[in-house]
Amino acid sequence: MNTYKLIALFLLLSFSVQAQQSMQKGFELLENGDFADAEIFFEAFLESDSENKTAQICYGRAVGLNGAPKTANALFGDLQQKYPDDYEVAINYIESLLWAGKFKEAKPLFKDMVAKNPEKFGALLGYANTLSNLKEYKTALYWVNKAIALQPDNEGAKISRKYIKLGYANEFVNAQNYGMGQQLLQEIFGDFPEDKEALLNLANLQLITKETDSAKNTYRRYATSAKDSITAINGIALAEHIAGNEKMALKMALKAKEKVESFGDTGLSQHTYDRYVQALIWNRKFTEARKEIDSLAVVFPNGNWVQALNATLGMYTGDFKASLSSYDAILSKDSVYFDGNLGKANALFASDQIVPAYKAAFQTLKIFKNQKDAQDFIEKLNGLHTPNIEEHAAYTFDNGNNVAFSNSVNAFVPFSTKFKTTLNYQYRTTENTVTQNKAESHVVLVGFGYKLAPHVDMTTVLGFNNSRFMETAYTQPVLDAKLKLKPFKLQNLELGYQREVQNFNADLIEREIVMNHYGLNYNLGTNFNLGWYTQLMHTQQTDNNSRNLLFTSLYYTVSQKPVLKFGLNYQYITFGEQVPSLYFSPEKYQVGEVFGDIRGKISTDTHYMASVATGIQKVENDPQTSIFRAEAAVQHQFGKRLSGSVYGKYSNIASATAAGFEFTEIGFKLKWSLTKKPLFFANLEADNKSN
């Protein structure tokens with residue numbers, strides 16, 4: 001090389017080094033995220049050196065990252081015309097598409113780039129991030145791992161891998177593959193031990209799967225600072241609620257509320273007060289919850305979370321109209337608010353507006369694909385409207401030497417959310433082991449039910465009873481008509497007429513006694529755990545006798561999980577004529593008793609119930625006698641479509657049977673859903689998709 005060439009090369013290198021040094025400040029501005037200042041810097045630099053490729057690239061990056069990705073994309077497009085094979089220009093052009101959110105357009109360009117440049121770290125990482133934004137997490141994880149293989153200590157790549165795994169785990173959780181979701185979350189701790197976001201996601205997964213003890217431990221791991229402990233305590237309160245420990249949930253929520261004020265963090269305070277009011281509602285402290293909500297509404301008048309609390313309170317207190325109003329207010333401001341969408345579905349269901357409830361749930365799934373709570377809600381609605389068949393068999397014996405076996409098969413077919421039909425066949429055979437009298441009865445019933453309006457249901461059952469006693473047989477029509485109403489919140493009213501043939505034992509079947517019952521049932525609930533149930537019934541019989549019955553029960557719910565009730569019952573019966581040789585028919589009969597009733601879960605699929613009552617009874621002017629009755633049952637869900645239960649009951653109350661005997665009954669029930677979904681479900685789905 002001659003002297004002139006050496007001098008030229010030296011001058012070129014000198015100018016290049018000087019140019020790099022003069023741009024150092026701009027590099028630092030970009031690195032520190034001061035994009036506006038970086039844009040000004042490189043724009044000024046290019047005025048004196050307009051062809052400097054590095055400056056042009058840096059200027060494009062500054063413009064794009066400062067909020068003008070389209071302009072940056074155009075700048076890099078022009079550069080590509082000048083430098084068609086330049087890697088730096090090409091990758092910045094693709095990145096400018098990412099800044100504009102054009103991930104689909106960037107994907108094939110990155111795919112081509114990594115094929116041509118398999119050892120370029122930036123290309124591999126950019127492709128992985130693009131795929132992650134497109135929620136193609138499996139492929140994204142593959143490419144980010146290849147990038148990390150090139151630079152094992154690169155912090156940025158590890159952060160990308162973390163967020164890819166968080167997204168991938170969430171995808172598995174939504175698909176209810178909780179094992180894979182948990183595995184991915186656990187892997188994050190390999191890169192970032194005790195990572196906060198991974199811990200919160202893991203705790204949330206454990207709450208979904210109701211592993212409440214594990215969730216509480218995960219929240220404790222999260223609580224590494226005084227501030228983070230508030231978030232942890234709020235999470236533990238929710239875990240206690242899911243586990244059914246409402247008092248502990250309130251204790252934890254109150255603890256968080258007392259601590260949060262010292263941090264001055266508005267978001268954390270809102271979350272904490274939200275959880276505290278929820279805990280008050282869970283513990284049925286409705287008056288305190290109302291005061292808190294009213295106070296919060298003054299401070300946060302436009303807060304969706306405050307409206308959601310108001311809606312939740314309405315759901316717990318039976319004020320479903322108020323709940324719907326609150327949810328509508330939420331959705332008018334934020335149509336994709338999860339609690340607003342699914343909450344409205346629940347409120348519509350509670351208001352007995354079934355089709356709108358389905359539609360609200362479908363809308364929730366449109367926004368939150370595969371969301372488990374929304375899917376479970378639709379499954380619950382389906383379970384109430386899916387055709388099913390139920391078998392009920394029982395064996396009864398009493399102290400009057402009567403034994404009986406009964407079997408009933410009932411088919412339930414809803415054709416819509418308003419119209420349903422039933423078909424029922426009952427067989428009962430009875431025998432007196434002393435007199436050897438035997439009888440049997442066959443009952444065939446067809447029922448129709450129609451929802452006239454929300455909480456207004458009319459049901460009618462028609463059929464016949466064919467009874468046979470020794471050589472005698474007869475057939476009688478039977479009828480049962482009911483009107484069910486919900487006149488006010490927390491109140492239920494039922495008006496009914498029933499034509500029934502007495503078939504408890506052989507002697508009664510022989511006499512062909514038909515009873516015409518005219519009845520009223522009324523139940524009043526309260527928001528302070530007290531309830532009152534009353535039944536009034538007048539009966540006209542074909543043997544010209546009549547009966548009047550009053551039954552009233554005052555009860556108190558001690559706990560919700562399990563449901564535990566105690567109460568007082570009073571019963572009064574009077575007959576127009578006394579025929580004690582044929583059946584129990586006193587001029588005046590009274591019962592007073594105390595009772596307890598418990599219902600709960602043995603496991604997720606197994607439930608139990610037990611009730612016991614004892615007291616005194618008085619028949620006319622006879623001395624008072626003690627009474628006792630008990631019932632217990634266990635029900636198991638064998639699968640989504642099959643359930644079964646066994647039960648036993650005993651009573652020595654004189655009015656428990658027509659003959660006035662004490663009796664014992666044992667039996668079982670099986671229920672099988674004939675289809676996976678309601679008959680009308682496909683039409684509902686089609687209507688939803690077309691809207």
key: Sulfur and carbon atoms: percent of accessible area, the range 273-338 [1.4 Å]   = 52
key: Correct choice for Kirkwood radius over Cα pairs in Å that was computed from the model, options (i) 25.9; (ii) 31.9; (iii) 34.4   = (ii)
inquiry  = If you average the C-alpha positions of the range 370-402 and of the range 591-634 separately, how far apart do those two centres end up, in angstrom?
reply    = 23
query = How big is the Cα convex hull of the range 136-292 in projection, averaged over all directions, in nm²?
reply = 10.4
remark   = Non-local residues with an amide H under 5 Å from the amide H of residue 151, with H modelled 1.01 Å from N and Pro and chain starts lacking one, are none
request  = Using Cα positions and a limit of under 14 Å, work out the aspartates and glutamates in reach of residue 344, with same-chain residues fewer than 8 apart set aside.
outcome  = 319, 328, 334, 352, 373
note = Of the listed pairs 333/640; 138/196; 484/565; 158/372; 438/640; 53/135, those with alpha carbons more than 32 Å apart are 333/640; 438/640; 53/135
query = If you add up the charges near residue 575, with Lys and Arg at +1 and Asp and Glu at -1, over every other residue whose beta carbon is less than 14 angstrom from its beta carbon, what do you get?
reply = -2
task = Mind checking the full-extension length gain between residue 642 and residue 287? Use 0.36 nm per residue of separation minus the Cα-Cα distance, one decimal, nm.
result = 123.6 nm
ask   = Could you give the dipole magnitude of the chain about its Cα centre, charging the beta-carbon of Lys and Arg +1 and that of Asp and Glu -1, in debye to the nearest 20?
value = 400
key: Computed E for residue 196/residue 524 - FRET, C-beta separation, R0 35 angstrom, nearest 0.05   = 0.10
inquiry  = At 7 Å along Cα-to-Cβ for each site, give me the label-to-label distance between residue 579 and residue 335 in nm.
reply    = 7.0
query = Over the range 592-658, what lengths in whole Å, largest first, do the semi-axes of the equivalent ellipsoid take, defined as the square roots of 5 times the eigenvalues of the alpha-carbon gyration tensor?
reply = 34, 12, 6
Accessible area, probe 1.4 Å, largest first, for residues 332, 351 = 332, 351
remark   = Carbon/sulfur accessible area of the range 162-251, % of total, 1.4 Å probe, equals 50
ask   = Ordered by residue, what ³J(HN,Hα) values in Hz, to whole numbers, does the range 24-39 give under the Karplus form 6.51 cos²θ - 1.76 cosθ + 1.60, where θ = phi - 60° and Gly and Pro are x?
value = 4, 4, x, 4, 5, 4, 5, 5, 8, x, 8, 5, 4, 5, 5, 4
key: Contact order relative to length of the range 119-230, as percent, for alpha carbon pairs under 8 angstrom and 6 or more apart   = 16
key: Estimated dipole of the range 480-586 in Debye, rounded to 20 [Cβ of Lys and Arg +1, of Asp and Glu -1, Cα centre]   = 780
query = From the Cα gyration tensor of the range 372-412, with a ≥ b ≥ c the square roots of its eigenvalues, which class applies: rounded if a/c is under 1.5, or else prolate if a/b is larger than b/c, or else oblate?
reply = prolate
task = Measure off 7 Å from each Cα along the Cα-to-Cβ vector at residue 634 and residue 135, then give the distance between these two points in nanometres to one decimal.
result = 4.4
key: Cα centroid separation, the range 418-433 to the range 249-327 (Å)   = 50
remark   = Rounded to the nearest 500, the 222 nm mean residue ellipticity computed for the chain from DSSP H runs (n ≥ 4, each -39500 (n - 2.57)) alone is -15000 deg cm²/dmol
ask   = Label residue 587 and residue 391 with points 7 Å out from Cα along Cα→Cβ: what is the distance between them in nm?
value = 5.0
query = Cα-Cα over 32 Å: which of 420/618; 359/671; 561/677?
reply = 420/618
query = Probe 1.4 Å, all protein chains in place: accessible area of residue 517 in Å², nearest 10?
reply = 20
Relative contact order [Cα under 8 Å, 6+ residues apart], the chain, whole percent = 5
query = What whole number of Å gives the distance from the Cα centroid of the range 70-106 to the Cα centroid of the range 115-157?
reply = 18
inquiry  = Can you give me the convex hull volume of the Cα atoms of the range 570-691, divided per residue and expressed in Å³?
reply    = 198
remark   = Length gained if residue 189 through residue 384 is fully extended, taking 0.36 nm per residue and subtracting the Cα-Cα distance, is 65.8 nm
remark   = Subtracting the Cα-Cα distance of residue 403 and residue 543 from 0.36 nm times their residue separation yields 47.9 nm
query = With Cβ to Cβ distances under 11 Å as the rule, what net charge do the other residues near residue 669 carry (K, R +1; D, E -1)?
reply = -1
message = Between residue 689 and residue 558, what's the calculated FRET efficiency when r is the beta-carbon distance and R0 is 56 Å? Round to 0.05.
response = 0.75
note = accessible surface per residue for the chain, probe 1.4 Å, DNA/RNA/ligands not counted, whole Å² -> 51
Assigned charges on the beta-carbon of Lys, Arg, Asp, Glu; the range 214-305 dipole about Cα centre (debye) = 320
query = For the range 32-130, which whole-number percentage of the solvent-accessible area (1.4 Å probe, protein heavy atoms only) is attributable to carbon and sulfur atoms?
reply = 49
request  = Kindly state, to the nearest 0.05, the FRET efficiency for residue 154 paired with residue 224, given R0 = 30 Å and r defined as their beta-carbon distance.
outcome  = 0.70
query = What net charge is computed for the residues neighbouring residue 454, neighbours being all others with C-beta under 12 Å from the C-beta of residue 454, Lys and Arg scored +1, Asp and Glu -1?
reply = +3
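The values are calculated or read from the model by the stated rules, or taken from the named source; none is laboratory data. Here the structure is a predicted model, which means the values were calculated and not measured. All Cβ positions, glycine included, derive from the backbone under ideal geometry; neighbour counts span all protein chains shown. We work out accessible area using only protein heavy atoms, side chains counted, and drop any ligands, DNA or RNA first. Shrake-Rupley method; radii C 1.70, N 1.55, O 1.52, S 1.80 Å.
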